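One structure is given here, and the rest of the page talks about it.
The values are calculated or read from the model by the stated rules, or taken from the named source; none is laboratory data. These numbers were taken from a predicted model, which means no experiment stands behind them. All Cβ positions, glycine included, derive from the backbone under ideal geometry; neighbour counts span all protein chains shown. Please note that ligands, DNA and RNA were not included when accessible areas were found on the heavy atoms of the full protein model with its side chains. Shrake-Rupley method; radii C 1.70, N 1.55, O 1.52, S 1.80 Å.
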Amino acid sequence: MNPGFRQRPCRALFAALLPAAALLVTLGSPARGDEPPLEYQVKAAFLLNFTKFVQWPPSAFADDRAPLAICIRGEDPFGNTLDEIVKGEAVNGHELVVQRMARGPVPKTCQVLFVAKSEKEVQRILADLGPGVLTVGEGEKFIQDGGIIAFVIEDRRVRFDIAQSAAAKARITISSRLMMVARSVEK
Amino acid sequence: MHLFRDMPIKQKLLGIIMSVTAAALLLSGLGIVIADSVLFRTAMQRDISALAQIVADNSIAALAFEDPKTATETLGSLRARPHLVAACIYRPNRAIFARYVRSGAAGECPPVSAQGSQEDGARFTGAALLVRRPIALNGRRIGTLVLLYDLDEIAERARLYGQTVLVILLVSSLIAFLLSSWLRAIIAGPISQLANATRLVSETRDYSIRAQKLSGDELGALADGFNVMLTQIQSQDSELRKALLAQEAALRESQEVRDSLRTTLASIGDAVISTDARGRVVFVNSIAQSMLRWAEAGIVGKHLDEVFQIVNEFSRVKVESPIAQVLREGRIVGMANHTVLIAKDGTEIPIDDSGAPIRDEHGAIQGTVLVFRDVTARRRADETSRLLASIVQSSDDAIYSTDLAGVVTSWNRGAERIFGFSAKEMIGQSISIVYPSDRQQELSGVTSRIGAGERIEHYQTILRTQNGEFLNVSLTISPMQDPLARIAGASVVCRNITEQVRAADRLARLNADLQRSNEVLALTNQDLERFAFIASHDLQEPLRMITAYSQLLIKSYPGEFSGDASVFVGNIVDGTTRMRELLSDLLAYTEIRSRDQQPAEAVDLNVVIDHVRQNLKASMDESGAEVTSDRLPLLRAHGSHFEPLFQNLIGNAIKYRSAQPPRIHVSVQEVDGELRFAVSDNGIGIDPEYHQQIFEVFRRLHGRAIPGTGVGLAICQRVVERYGGRIWVESKAGQGSVFWFTLPHIAVRSAKEDE
């Protein structure tokens, strides 16, 4: 538990019920203690929520009971937040788990790959991925690099763009509802 | 309700159809509206809940990714539901995440009281439907959707249904109304036809009328029953009518008999009273009423003796009513003569009467009938004829009658006296025996004229008496009629006028003699007057010569005559002067007649008197005479006549005055249509012995002492008589005189009118 996050004693609830104040993200504001900035708390919640609007091809999972893994490549900006959010969460019977990796190829068990800012060779990382992985990165360039969902900051709010072609290439179906709330959807 | 009950069936049917239609429509309309609003609420609830579900689902992503804009857009799509007042999405902490409010609506997002699934679902609040729905992501509630939906739609639908029902009601009413006429024909038609038949039967009592059977239902059966009933009534009615007619005829017959008897009695010429067996009056006819001076109502029921009182005309003793005798003796009783009925008002009427019993078929006396009649006229006729007979008998004239053959039928005492034949001798004889043989023709002429109905009056003829004397008679012969108004003979009134005829003959002879002597006298008189006129006129010439020469003699030889000669010559002059006056007066006297041919003129006697005063001025002054006069009338006459008249009368009054100065007054008055003048004086008067003589020519009472010609009063008389008047004097010696004269019919206006 993160004692700094005193307003939200229940981390599980926090993911679903983001307070309005949390939307106003002050970029570059220093994080207090080991707690990530508000921006990444929101992004963590979004990551979790993405899993609920996306359908993976059956080949993405080893079996029905296989966990749904959210893999983080590079420097983890979320701290404990993501772990707390996904704890106990399941999508279609797949338990959510968080895996972190510094380098090396992305394992086949990852259904969601978050590419942190720290990674320089994004294109290469993405090119090495097989189908059935929802790729999430930061900045508009991530889409150009071949990513599916890219977090962007707009009006000091966390938004995201979606590249449908990339999703199709990865054989991932994105719910239209998700696309509805995306900032822009690249076909 | 009474109103409806009395309405004709046609209208009742219409009313029933209309009200049933209206009630059904209204009820079903109401049911539909109620059911619809209930069903619609349910449907609406379901519908809005489904809508909420969709909206909630569509809002999950927006909520999950903090995108109120997209949520607001999603809510904005609800504009398509105009009845949606508001749609709101709340965060789990009850803050509003997104909202939609219908433009123009005052509605707001309702506050969410508490978080909890017990408030979820749909419920109706007041005028709105509130739907609250959780927004969940993977079974976790991430927000709440609230929809506020107004219920105007329900009211709108109710209104729409109401209008539809109303329109249907109107249309169906119209159709019902149209249908009703057809229904009327089916139901009301036969009923009103039956009603009409009933009314017709009761009005006309014509039971041969039948109702027409228009249908085979109960109404048709009713018509059949009605017709059967009518048939029965008809047969009964005709029987009844027959019986009634027979009864009426019998009644009328007996009524007619009674009426005719009563009418006979009422219009009979005699007075009729009938009584019952006790003598009480039961009937009295109008003649009896008028004779008794008593109205029917006053008489009927009274005993006859109270109203019918009779006495003996001479003895005044009350006579028993014949009815009493009839009732006592049971036979017809005639009344004694000379009975007088005393009416109610005391009038006495001589009557004849008789009474008779009225018997029923068994011969018992039921009553009496009294018949009486006024015999006043007969009595009077009897008296008149007696009077006439006595007049005829006592007449001095011969009164007799003959039939058309000339046979004498009556001969009165006068006839006996005049003709010498007695009535016994003459009656049955022909009247021709009194006609002389040469006048028999006349008799037959008279008889034929009478036979033609002519009446001959004052027919003068000569008849012969028994002893052969002939009499002058005047006959008045009238035709006599028998009771059938045929001429049956003649009545003759014969007056003996023999003496009258003789006297008339004598008178005629005397008159003729007188006429002749008058004519001779008149001729003589005319000759005399002509002679007097000529003489007096022609004598003037030699007289003037004598006068002229006498005066010439005196002038030529003045003082040469001796005393006697002078006196003689003076006497000659005096004599000629008087002679001239005398002749002048005579001329005037004769001229009065000779001026008849001149036309009359208006003569004002007042002017004449003034002239006379002037003429006599000298002698009036000398004698101190005073001449006064009334206001005198204007005459239509010759002016030259009246100046000598008044001058002579007034002059005489001055001349023959007494010792006193003369006072002379001329007055006039109208007596019996003529003017009577008076010239009065206070002179010496005239002895009555001379009152006639003084008017004769040259008659003078005094000698030379008082000069005069003796012609003056003769002139006066002549003037007055010339106008048809008279002149005379009233006087006594020494007491003054009044000379009167009258002038008839010549006044133009009277003295009084003149004033």
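Please identify the chymotrypsin sites (Phe, Trp or Tyr not before Pro) of the stretch B:649-748 that satisfy two criteria: DSSP loop assignment and at most 12 other Cβ atoms within 10 Å. Which are they? Spell out each step's value before the answer.
Details: sites: B:Y656, B:F677, B:Y690, B:F695, B:F698, B:Y723, B:W728, B:F739, B:W740, B:F741; in loops: B:Y656, B:F698, B:Y723.
Those that pass, being in a loop and sparsely packed, are B:F698.
Compute the long axis of helix B:563-594 from its Cα atoms, compare it with the longest principal axis of the Cα atoms of chain B, and write down the angle in degrees, 0 to 90, nearest 10.
For helix B:563-594, the angle is close to 40 degrees.
Taking +1 at the Cβ of each Lys and Arg and -1 at the Cβ of each Asp and Glu, which of B:T742, B:S260, A:N80 sits farthest along the dipole of the protein assembly as shown towards its positive end, judged by Cα position relative to the Cα centre?
With unit charges placed on the Cβ atoms, the residue in question is A:N80.
Relative to the Cα centre, what is the charge dipole magnitude of the stretch B:277-352, using +1 at the beta carbon of each Lys and Arg, -1 at the beta carbon of each Asp and Glu, and rounding to the nearest 20 debye?
220 debye
About the Cα centre of the protein assembly as shown, what is the dipole size in debye to 20, counting +1 per Lys and Arg Cβ and -1 per Asp and Glu Cβ, all else neutral?
Here the protein assembly as shown has a charge dipole of around 6600 debye.
How charged is the neighbourhood of A:A60? Take every other residue with its Cβ under 13 Å from the Cβ of A:A60, and add Lys/Arg as +1 and Asp/Glu as -1. All intermediate terms of the calculation are to be shown ahead of the outcome.
Working: positive: A:K108, A:R171; negative: A:D63, A:D64.
Around A:A60, the surrounding residues sum to 0.
Rounding to the nearest 10 and keeping the result within 0 to 90°, find how far the Cα-based axis of helix B:498-556 lies from the longest principal axis of chain B.
Once rounded, the angle reads 70 degrees.
Give the list, by residue number, of cysteines in chain B with no other Cys Cβ closer than 4.7 Å, or say none.
Lacking a cysteine Cβ partner under 4.7 Å: B:C494, B:C716.
Place a +1 charge on the Cβ of each Lys and Arg in the stretch B:1-80 and a -1 charge on the Cβ of each Asp and Glu, then give the dipole magnitude about the Cα centre in debye, rounded to the nearest 20.
Dipole size: approximately 720 debye.
For the stretch B:446-456, in order, what is each residue's ³J(HN,Hα) by Karplus, 6.51 cos²θ - 1.76 cosθ + 1.60 with θ = phi - 60°, in whole Hz (x at glycine and Pro)?
4, 4, 5, 5, 5, x, 7, x, 7, 10, 10
Just need log10 I(q)/I(0) for the stretch B:148-193 at q = 0.23, 0.28, 0.29, 0.31 Å⁻¹, Debye formula, equal scatterers on the alpha-carbon atoms, no solvent, rounded to two decimals.
At q = 0.23, 0.28, 0.29, 0.31 Å⁻¹ the computed log10 ratios are -0.78, -0.90, -0.92, -0.96.
Sum up the charges of everything whose Cβ sits under 11 Å from the Cβ of B:E306, counting Lys and Arg as +1 and Asp and Glu as -1, but leave B:E306 out.
Result for the neighbourhood of B:E306: +2.
Before anything else, pin down the relative contact order of chain B: Cα pairs under 8 Å, at least 6 apart, normalised by residue count, whole percent.
5 percent
Out of B:T347, B:I96, B:G559, whose Cα points farthest toward the positive end of the dipole of chain B (charges: +1 Lys, Arg; -1 Asp, Glu; placed on Cβ)?
The Cα lying farthest towards the positive end belongs to B:I96.
Given Cα pairs under 8 Å that are at least 6 residues apart, what percent is the relative contact order of the stretch B:159-306?
Dividing the mean separation by the residue count of the stretch B:159-306 yields 11 percent.
Do the sum for chain B: with -39,500 (n - 2.57) for every DSSP H run of n ≥ 4, divided by all residues, what is the mean residue ellipticity at 222 nm, to the nearest 500 deg cm²/dmol?
My calculation for chain B gives -16500 deg cm²/dmol from helical runs alone.
Relative contact order for the stretch B:446-602 using alpha-carbon pairs under 8 Å, separation at least 6, rounded to a whole percent?
It comes to 15 percent, rounded to a whole number.
What residues have an amide H closer than 5 Å to that of A:L134, excluding those fewer than 5 places away on the same chain, when H is modeled at 1.01 Å from N in the peptide plane?
Answer set, sorted by chain and number: A:V112, A:L113.
Report the calculated FRET efficiency for B:L222 and B:E320 (r = Cβ-Cβ distance, R0 = 45 Å), to the nearest 0.05.
The calculated FRET efficiency here is 0.05.
Restricting to DSSP loop positions (anything but H, G, I, E, B) with no more than 12 other Cβ atoms inside 10 Å of their own Cβ, which chymotrypsin sites (Phe, Trp or Tyr not before Pro) remain in the stretch B:237-314? Walk me through the numbers on the way to the answer.
Numbers: sites: B:F283, B:W294, B:F308, B:F314; in loops: B:W294, B:F308, B:F314.
Qualifying residues, ordered by number: B:F314.
May I ask you to give the solvent-accessible area per residue for chain B, in square angstrom, as obtained with a 1.4 angstrom probe?
Solvent-accessible surface per residue comes out at 57 Å².
Once you list every other residue whose beta carbon is under 12 Å from the beta carbon of B:N525, what net charge do they have if Lys and Arg are +1 and Asp and Glu are -1?
Working: positive: B:R530, B:R593; negative: B:E519, B:D527, B:E529.
So the surrounding residues net to -1.
Any chance you could give the angle, 0 to 90 degrees and rounded to 10, that helix B:218-267 forms with the longest Cα principal axis of chain B?
The two axes meet at around 20 degrees.
Over all residues in B:64-77, what is the mean tally of Cβ atoms on other chains that come within 10 Å of each residue's Cβ?
Per residue, the average neighbour count from other chains is 4.
With unit charges on the beta carbons (Lys and Arg positive, Asp and Glu negative) and the dipole taken about the Cα centre of the stretch B:176-233, which residue among B:V201, B:T231, B:I187 sits farthest to the positive side?
B:V201
Per residue of the stretch B:317-330, in order, report the coupling 6.51 cos²θ - 1.76 cosθ + 1.60 (Karplus, θ = phi - 60°) as ³J(HN,Hα) in whole Hz, putting x for Gly and Pro.
Those phi angles translate into 7, 5, 9, 5, 5, x, 5, 4, 5, 4, 5, 6, 9, x Hz.
Tell me which trypsin sites (Lys or Arg not before Pro) from the stretch B:173-247 have a DSSP coil assignment and no more than 12 other beta carbons within 10 Å of their own.
B:R205
P(r) of the stretch B:116-210 in 5 Å steps, Cα pairs, percent per bin?
3, 10, 9, 8, 7, 7, 6, 6, 6, 5, 5, 5, 4, 4, 4, 3, 3, 2, 2, 1, 1
Looking only at the stretch A:139-181, which residues have a backbone nitrogen under 13 Å from a spot 7 Å from the Cα of A:R124 in the C-beta direction?
No residues fall inside that zone.
Return the average number of partner chain Cβ atoms within 10 angstrom of each residue Cβ along peptide A:174-181.
Mean partner-chain Cβ count within 10 Å for A:174-181: 5.
Which entries in the list A:K52/A:K87; A:K87/B:K69; A:K87/A:K169; A:K120/A:K141; B:K10/B:K213 go over 21 Å, if you measure between the two C-alpha atoms of each?
A:K87/B:K69; A:K87/A:K169
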